[in-house]
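A.B. asks: Structure provided below as structure tokens; questions to follow.
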Amino acid sequence: MTQLRFALAQIDTCVGALDANAAKVLDYSRKAAAGNAQVVVFPEMTLTGYPIEDLALRRTFRQAAWDKANELATQLNDDGLGDLFVVVGTVGTDRKTSKPRNRLVVLHQGVVWAGYDKHFLPNYGVFDEFRIFSAGDRSVTLDVDGATIGVAICEDIWQDGGPVADLATKNIDLLLTINGSPYEEGKTNTRFELAQRRAAEVNAPVIYLNQVGGQDDLVFDGGSFVVDADGTLIERSPMFMENLTFWDFDSAAEHQAKAEIVPELDPDEEVYTACVLGLKDYMAKNHFTGVTLGLSGGIDSALVAAMAADACGGENVWGISMPSMYSSDGSKDDAADLASNIGAHYEVQPIEPLFNAYQQQLDLDGVSAENLQARIRGVIVMASSNSRGLLAVDTGNKSELACGYSTIYGDAVGGYAPIKDLLKTRVWEISRWRNKAAAAGVGIGGLKIVGNEDGNTGIPLKDGVMIPVSSIEKAPSAELRPGQKDSDSLPEYALLDKVLAAYIEHAHGRADLLADGFDQVTVDTVMRLVDRAEWDRRSRPSRSAATADCPSPTHSGNKHILLPPAGASNTVEEVPMTDDNKKQWYFNTVKKQAELGMVSPIEQRMGPYKTKEDAEHAWDIVVDRNARWEEEDRRWKNYGVKPAQARPED
């Protein structure tokens with residue numbers, strides 16, 4: 001019989017910060033030992049931060065990371081923590097190929113006591129591991145005081161077969177997986193169901209330890225947990241906060257004892273908190289202490305300003321009202337009220353004099369004149385950013401960005417876009433939640449996120465309101481011409497967002513959308529707007545990821561287009577279609593490809609295509625679309641002929 005106390009160290013790391021990350025591991029290891037733990041577990045790639053992307057390809061960095069692991073093992077031993085088993089993630093090197101490996105190591109008795117390399121390397125959505133790392137080829141078990149512990153890293157448990165299937169034959173007492181799993185709305189239940197299946201497969205409890213914090217355009221939500229062999233939830237850590245939880249394991253017990261189970265968050269609170277944490281950590285890891293943004297009085301800028309105040313304090317937010325001759329008194333009042341509510345710096349910079357000066361030179365009309373107003377505002381925001389050393393934040397939402405309904409180099413300026421992944425209807429819902437939370441006592445900076453683990457309720461809000469109610473309730477308008485409303489150019493958001501969700505996030509094609517019940521005019525309008533705005537979206541700043549964007553190469557947020565099927569034209573990356581590459585193409589794009597041994601346990605984790613033929617058809621669409629765009633570009637450059645229809649972003 002073996003009894004072990006595990007410490008689940010859910011921490012926020014920073015890519016490349018070896019010293020700071022190691023110092024945090026040492027600190028939490030001391031706390032774990034003080035709590036009588038025998039094993040302390042940290043997230044994926046703890047020492048290096050995650051995702052390290054091309055930093056892993058630097059031999060000198062890999063050597064520095066390995067030296068840091070050895071140094072940390074020695075320091076733990078010198079501090080009297082040598083008996084503690086410290087499970088951390090780092091980067092290793094494949095001795096055969098000299099390529100990097102995503103590695104788990106165990107520090108014990110002053111040495112790197114054991115190691116394991118990740119097998120399945122995702123290359124879909126936000127992941128790019130297949131290009132960077134080489135895959136591990138063996139499963140590993142640890143003998144800890146007589147208990148047999150199998151280990152895995154993140155994607156290894158998402159795929160059938162591989163190391164988990166091998167561990168299922170080894171009569172393990174526990175499956176331990178370290179993860180860097182980014183946040184997506186609704187993903188917590190998906191992870192839990194997955195862990196339940198893996199627990200049944202290995203007939204043992206499963207520890208799922210996840211990273212927390214923001215890194216670039218990703219947010220890691222934590223929410224670590226433990227399930228018993230029968231799938232019962234027996235521990236759950238909080239989301240969006242660093243945390244150290246203890247859980248006791250008894251190899252002789254039929255059912256394991258329960259530890260703390262933190263209640264689930266309200267869905268709106270979850271999304272809002274993810275966006276705030278993404279912004280907060282983006283600022284901290286890029287050394288920004290404040291933000292600046294335009295305050296129009298509309299809902300988008302109001303929500304972004306509220307998020308900024310929660311992330312860094314209202315006193316570190318600089319809001320700029322930039323009214324034009326078309327701005328309503330109500331909008332100007334709402335902007336001022338919002339700034340007052342959150343305690344932000346507030347200034348008014350009318351743009352009409354600047355607009356008139358430009359018009360004397362350019363004499364623009366129509367969309368060009370409208371976009372000139374937005375670009376003047378962009379210059380003012382960037383001037384504030386440069387002169388004060390502040391992070392300029394983009395206030396665009398997903399609906400507008402998907403359709404190209406925001407002005408590049410205008411209202412879309414900024415280094416970070418907190419609500420870029422939120423549809424407009426979601427913006428309204430989350431704004432209402434924030435006011436509801438304010439009325440319940442959640443003040444400015446009162447969210448339970450990294451840095452506020454003690455639960456400070458923040459600075460109280462006057463009358464319990466953060467976002468002016470009129471900003472939420474009024475019809476949205478860019479106010480670039482008299483009487484303008486968003487619905488003049490776009491379908492109503494209640495309809496538009498449903499089509500966008502189906503088209504972008506669920507990869508429904510035209511026939512699918514019509515079968516979904518959407519009318520032909522709306523479907524054709526939305527598809528045209530989305531496809532023509534692809535170039536515009538690729539120029540936008542980082543954002544807090546809140547949804548699982550469709551990994552289709554036709555209109556995704558992916559940074560890397562995957563390899564096409566054999567024989568297809570490939571203007572992106574000339575890589576021969578070897579058997580391994582072909583298998584990886586299916587792994588990342590086809591939901592079920594049984595003959596390749598790549599059957600996904602959860603369909604939504606894989607690409608949108610159900611068959612090889614669907615994947616090939618999608619690539620044909622990409623090739624055809626690119627050819628049409630290139631021809632249009634040639635016409636523009638060679639003959640000065642503009643496309644037939646003006647676009648808001650032109």
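The values are calculated or read from the model by the stated rules, or taken from the named source; none is laboratory data. For clarity, every value in this text was computed on a predicted model and none was experimentally measured. Note: ideal-geometry Cβ built from the backbone for every residue, glycine included; neighbour counts use all protein chains shown. With ligands, DNA and RNA removed, areas are computed over all heavy atoms of the protein, side chains included. Shrake-Rupley method; radii C 1.70, N 1.55, O 1.52, S 1.80 Å.
A.B. asks: Along the Cα→Cβ direction, 7 angstrom out, place labels at K436 and Y409. What is the inter-label distance in nm?
C.D. replies: With each label placed 7 Å out from Cα toward Cβ, I get 4.3 nm.
A.B. asks: List the residues, sorted by chain then number, that are 5 or more residues from A392 or on another chain and whose placed amide H is less than 5 Å from its amide H.
C.D. replies: Correct list: T292, G415.
A.B. asks: Tell me, what is the Rg over Rh of region 298-383, with Rh the Kirkwood radius over Cα pairs?
C.D. replies: Ratio of gyration radius to Kirkwood radius: 1.03.
A.B. asks: Which whole-angstrom value gives the distance between the alpha carbon centres of region 487-516 and region 178-219?
C.D. replies: 30
A.B. asks: Next up: Short version: ³J(HN,Hα) in whole Hz for each residue of region 438-454, in order, from phi by Karplus 6.51 cos²θ - 1.76 cosθ + 1.60 (θ = phi - 60°), x for Gly and Pro, what are they?
C.D. replies: 4, 5, 8, x, 7, x, 5, x, x, 6, 8, 9, 3, x, 10, 5, 6
A.B. asks: I've got another one for you. Report, in listed order, any pair from K118/K285; K285/K436; K280/K420 with a Cα-Cα distance greater than 24 Å.
C.D. replies: Beyond 24 Å: K118/K285; K285/K436.
A.B. asks: Next up: Can you give me the Rg/Rh ratio for region 79-199, using Cα atoms for both radii and the Kirkwood formula for Rh?
C.D. replies: Numbers: Rg = 15.0 Å, Rh = 15.4 Å.
Computed over Cα atoms, the ratio is 0.97.
A.B. asks: Please list 3J(HN,Hα) in residue order for region 153-159, calculated via the Karplus relation 6.51 cos²θ - 1.76 cosθ + 1.60 where θ = phi - 60°; whole Hz, with x for glycine and proline.
C.D. replies: Each residue's phi maps through the Karplus curve to give 10, 6, 4, 4, 8, 7, 10 Hz.
A.B. asks: If Lys and Arg each add +1 and Asp and Glu each add -1, what is the summed charge of the other residues whose beta carbon sits under 15 Å from the beta carbon of G110?
C.D. replies: It works out to a net charge of -4.
A.B. asks: Grab the eigenvalues of the alpha-carbon gyration tensor for region 10-109, scale each by 5, take roots, and send me the semi-axes largest first in whole angstrom.
C.D. replies: Taking √(5λ) for each eigenvalue gives 24, 13, 11 Å, largest first.
A.B. asks: Hey, another quick one. Label-point separation (nm) for N203 and K485, each offset 7 Å from Cα along Cα-to-Cβ?
C.D. replies: 6.5
A.B. asks: Can you tell me the alpha carbon radius of gyration of region 148-219 divided by the globular rule-of-thumb value 2.2 N^0.38 Å? Numbers along the way, then the final one.
C.D. replies: On the way: Rg = 12.7 Å, N = 72, 2.2 N^0.38 = 11.2 Å.
Normalised by 2.2 N^0.38 Å, the Cα Rg of region 148-219 equals 1.14.
A.B. asks: Now for a separate question. What is the sum of charges around L209, taking Lys and Arg as +1, Asp and Glu as -1, for the other residues whose C-beta is under 11 Å from the C-beta of L209? Don't jump to the answer; show the numbers that get you there.
C.D. replies: Working: positive: none; negative: E44, E235.
That sum, taken over residues with Cβ under 11 Å, equals -2.
A.B. asks: So what does the Cα-only Debye profile of region 49-107 read at q = 0.13, 0.17, 0.22, 0.23 Å⁻¹, as log10 I(q)/I(0), no solvent term?
C.D. replies: -0.37, -0.59, -0.86, -0.91
A.B. asks: What order do you get for 357-364, 229-236 when each peptide is scored by the mean count of other beta carbon atoms within 10 Å, highest first? List each step's numbers first, then the result.
C.D. replies: Numbers: 357-364: 11.2, 229-236: 17.8.
Result, highest mean Cβ count within 10 Å first: 229-236, 357-364.
A.B. asks: Using the beta-carbon distance between L495 and D78 and R0 = 56 Å, what value does 1/(1 + (r/R0)^6) give for FRET efficiency, to the nearest 0.05?
C.D. replies: After rounding to 0.05, the efficiency reads 0.30.
A.B. asks: Using θ = phi - 60° and the Karplus curve 6.51 cos²θ - 1.76 cosθ + 1.60, what whole-Hz ³J(HN,Hα) does each residue of region 357-371 get, with Gly and Pro shown as x?
C.D. replies: 5, 5, 5, 4, 8, 9, 6, 8, 9, x, 4, 4, 5, 5, 6
A.B. asks: Would you please put 205-217, 93-105 in order of how densely packed they are, using the mean number of other Cβ atoms within 10 angstrom per residue and starting with the highest?
C.D. replies: On the way: 205-217: 25.8, 93-105: 18.9.
Peptide ranking by packing, descending: 205-217, 93-105.
A.B. asks: Taking the Cβ of L244 as the centre, find all other residues whose Cβ is under 13 Å away and add up their charges (Lys, Arg: +1; Asp, Glu: -1). List each step's numbers first, then the result.
C.D. replies: Numbers: positive: R5, K24, R30, K31; negative: D12, D27, E235, E242, E260, E453.
Its environment carries a net charge of -2.
A.B. asks: Then there is this: With all protein chains present and a 1.4 Å probe, how do K462, K420, K398, K170 order by accessible area, largest first?
C.D. replies: Solvent-accessible surface, decreasing: K462, K170, K420, K398.
A.B. asks: Sticking with this structure for a sec: When all protein chains stay in place, what accessible area (Å², nearest 10, 1.4 Å probe) is found for H506?
C.D. replies: 120
A.B. asks: Now a separate question. Search the structure for amide H atoms under 5 Å from the amide H of S477, placed 1.01 Å from N in the peptide plane, and list their residues when 5 or more places away or on another chain.
C.D. replies: Here D486 satisfy the definition.
A.B. asks: Where in region 395-430 does the amide nitrogen come within less than 13 Å of the point 7 Å from the Cα of L362, taken along Cα to Cβ?
C.D. replies: 407-411
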